[in-house]
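Data first, discussion second: the structure below is written as structure tokens.
The values are calculated or read from the model by the stated rules, or taken from the named source; none is laboratory data. Keep in mind it's a predicted model, so treat the numbers as computed, not measured. Glycine gets a Cβ as well: all are built from the backbone with ideal geometry, and neighbour counts include every protein chain shown. Keep in mind that these areas ignore ligands, DNA and RNA; they rest on the heavy atoms of the full protein, side chains included. Shrake-Rupley method; radii C 1.70, N 1.55, O 1.52, S 1.80 Å.
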Amino acid sequence: MREHDVPTVRRFNRTVTQRVGALSDQFLSRDRPLAVARLLWEIGAEGGEVVMLRSRLGVDAGQMSRMLRALEADELVMVTPSDADGRVRVARLTAKGLAERALLDQRSDALAASILAPLPPDQRAELVAAMRTVERLVTASLVELREVDPESADAQRCLRAYVAELNRRAPDRGFDPRKGATAEPHEVRPPNGAFVVVYLRGEPVGCGAVKHHPGAVTDVKRMWLAESARGLGLGRRLLERLEGLAREHGSTEAHIETSDVLPEALALYRSAGYVEVAPFNDEPFADRWFSKPLRRDR
């Protein structure tokens, strides 16, 4: 990181927070600050589990409780036990809360328009394009790649989504993770392998695993990203982390098999230096097999 980059980021933060009214206790001319208004928006029409709202907004339990109490006092929100699990608290908007959220949407649109209106068309287009870039890169900076147990709740949630997506894309082929080149928990748990979950704002949005073999070869397995997390460069970051785990184990070659129904994966592997080779396992869902030499990190 270059030293002069930090003051630039701080200047940008000051400009944006002031322009959008983040410093006001009456955000969008309502009687509440931005944080509370944002919580109202995040709860949405469907409601949300309090623990997930905390994770999404990056606030602690005490701050979340204070914000929810403020919204409850204004009769905008109800917090009740979940129908599925009484231990889980769920926040839901009341009719008054839904109306308030709709008003916030209208005023947010007006604020956005007021930022763009003073600019000529070419500068508007430049600003909107820059905002898209900033959003994508800031979101990517919030991502954490964490090694977890393959039987943990987050790992299993990602694996279910992975299997479901493969079967949506190729319903006639019927992907079964128990057949062919498996990645059972004991096969992707140290010392035999490792399992990585990708977290965005504390929520699991992707996964991948490595499965070590004798002969200094490691298979890259179960790579998946939620649609909401695609386009952020996370596939390459995840692949590089998995390759790093293979190197740490002492492997000098990585193997990947994949299907033609996953063109994004094929493009990623080829761009990352993988070369198509003859089949090296009996995975029935695979159409292509790849290999890549793993150079030692200096």
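Can you confirm whether region 93-102 contains a residue that is touching a residue at least 60 places away in the same chain (Cβ under 8 Å), surrounded by 10 or more Cβ atoms within 10 Å (Cβ to Cβ), touching a Gly at 6+ places or on another chain (Cβ under 8 Å) and within 22 Å of LEU142 (Cα to Cα)? The answer is no, given that none of the residues of region 93-102 is touching a residue at least 60 places away in the same chain (Cβ under 8 Å), surrounded by 10 or more Cβ atoms within 10 Å (Cβ to Cβ), touching a Gly at 6+ places or on another chain (Cβ under 8 Å) and within 22 Å of LEU142 (Cα to Cα).
Conditions tested, residue by residue: (1) at positive phi; (2) surrounded by 12 or more Cβ atoms within 10 Å (Cβ to Cβ); (3) in contact with a strand residue (DSSP E or B) (Cβ under 9 Å, 6 or more places away or on another chain).
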| site | (1), (2), (3) |
| --- | --- |
| PHE12 | no, no, no |
| THR15 | no, no, no |
| ALA22 | no, yes, no |
| ASP31 | no, no, no |
| ALA45 | no, no, yes |
| VAL50 | no, yes, yes |
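Applying a threshold of 9 Å to beta carbon distances and a minimum spacing of six or more residues, or different chains, the list of pairs starting in region 108-130 at a residue that is touching a residue at least 60 places away in the same chain (Cβ under 8 Å) and ending at one that is open to solvent by 60 Å² or more (accessible area, probe 1.4 Å) and hydrophobic (A, V, I, L, M, F, W, C) reads SER108/TRP41. Number of residues in region 130-168 that are open to solvent by less than 50 Å² (accessible area, probe 1.4 Å) and of a type in the set (A, V, I, L, M, F, W, C) equals 12. Suppose the filter is among the hydrophobic types (A, V, I, L, M, F, W, C), in contact with a strand residue (DSSP E or B) (Cβ under 7 Å, 6 or more places away or on another chain) and surrounded by fewer than 18 Cβ atoms within 10 Å (Cβ to Cβ); does ALA216 pass it? Against the criterion (among the hydrophobic types (A, V, I, L, M, F, W, C), in contact with a strand residue (DSSP E or B) (Cβ under 7 Å, 6 or more places away or on another chain) and surrounded by fewer than 18 Cβ atoms within 10 Å (Cβ to Cβ)), ALA216 qualifies.
Got a sec? Which helices (runs of 4 or more DSSP H) wholly within region 19-110 have at least 3 residues that are more than 19 Å from GLU203 (Cβ to Cβ), at pLDDT 90 or above and of a type in the set (D, E, K, R)? I'd like the intermediate steps shown before the answer.
Working: elements: 34-43, 50-57, 61-73.
Hits in region 19-110: 61-73.
A single entry from PRO284, PRO293 fulfils the requirement of being over 23 Å from GLU165 (Cβ atoms) and open to solvent by 70 Å² or more (accessible area, probe 1.4 Å): PRO293. Screening LEU40 against (1) in contact (Cβ under 8 Å) with a residue 12 or more places away in the chain; (2) within 25 Å of the chain's Cα centre (by Cα); (3) more than 21 Å from ARG107 (Cα to Cα) leaves a single unmet condition, (3).
The rows are residues; the columns are (1) out of contact with any Phe, Trp or Tyr (no Cβ under 8 Å at 6 or more places or on another chain); (2) at positive phi; (3) not acidic (Asp, Glu).
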position: ARG136; (1), (2), (3): yes, no, yes
position: ALA140; (1), (2), (3): yes, no, yes
position: GLU144; (1), (2), (3): no, no, no
position: ASP172; (1), (2), (3): yes, no, no
position: ALA183; (1), (2), (3): yes, no, yes
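For region 52-66, what are the residues that are open to solvent by 10 Å² or more (accessible area, probe 1.4 Å) and not hydroxyl-bearing (Ser, Thr, Tyr)?
Step one: filter region 52-66 for residues open to solvent by 10 Å² or more (accessible area, probe 1.4 Å), giving 52, 54-63, 65-66.
The answer is MET52, ARG54, ARG56, LEU57, GLY58, VAL59, ASP60, ALA61, GLY62, GLN63, ARG66.
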